[in-house]
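Below is one structure, written out as structure tokens, with a few remarks after it.
A short reminder: the numbers here are calculations on the coordinates, not readings from a lab. Quantities reported herein were computed from a predicted structural model and do not represent experimental measurements. Note: ideal-geometry Cβ built from the backbone for every residue, glycine included; neighbour counts use all protein chains shown.
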Amino acid sequence: MEWKARERELQQERLDRVVEGYGCRPQVESDPDRIVAETAAREIRKVTVTDAADQVNLFKNHGYTTDGLMKDIRFKVSTALAEAGLQATSYGQELIRGLGAQRATTNLIS
């Protein structure tokens, strides 16, 4: 903890030295009203209304969607294994194969 705190202090000191070394440093006063005001983009978004034409489905997606992937337990498990660095191990591969077999059995029963 002490080392991290000291590291932050050193970083701040380095930044202060760099800023002090600037040839010209502009003095800018902040406008409190402007700081908390809504931006032009947010004002436009507030008055924008969507209609049915904005929701048109231009083509049928025959592949995977994010929602479809997130419903698949094999994808979730393989992602967790990849994050842990276990996807390429024999344990990880066997686990994924087991999930596929379990799913096939479930589909035959129902």
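For region 40-77, enumerate the residues that are closer than 30 Å to GLY92 by Cβ and charged (D, E, K, R).
ASP67, LYS71, ASP72, ARG74, LYS76
Could you check, for region 55-75, whether at least one of its residues is on the phi < 0 side of the Ramachandran plot, of a type in the set (Gly, Ala, Ser) and loosely packed, with under 10 Cβ neighbours inside 10 Å?
For region 55-75, residues on the phi < 0 side of the Ramachandran plot, of a type in the set (Gly, Ala, Ser) and loosely packed, with under 10 Cβ neighbours inside 10 Å: present.
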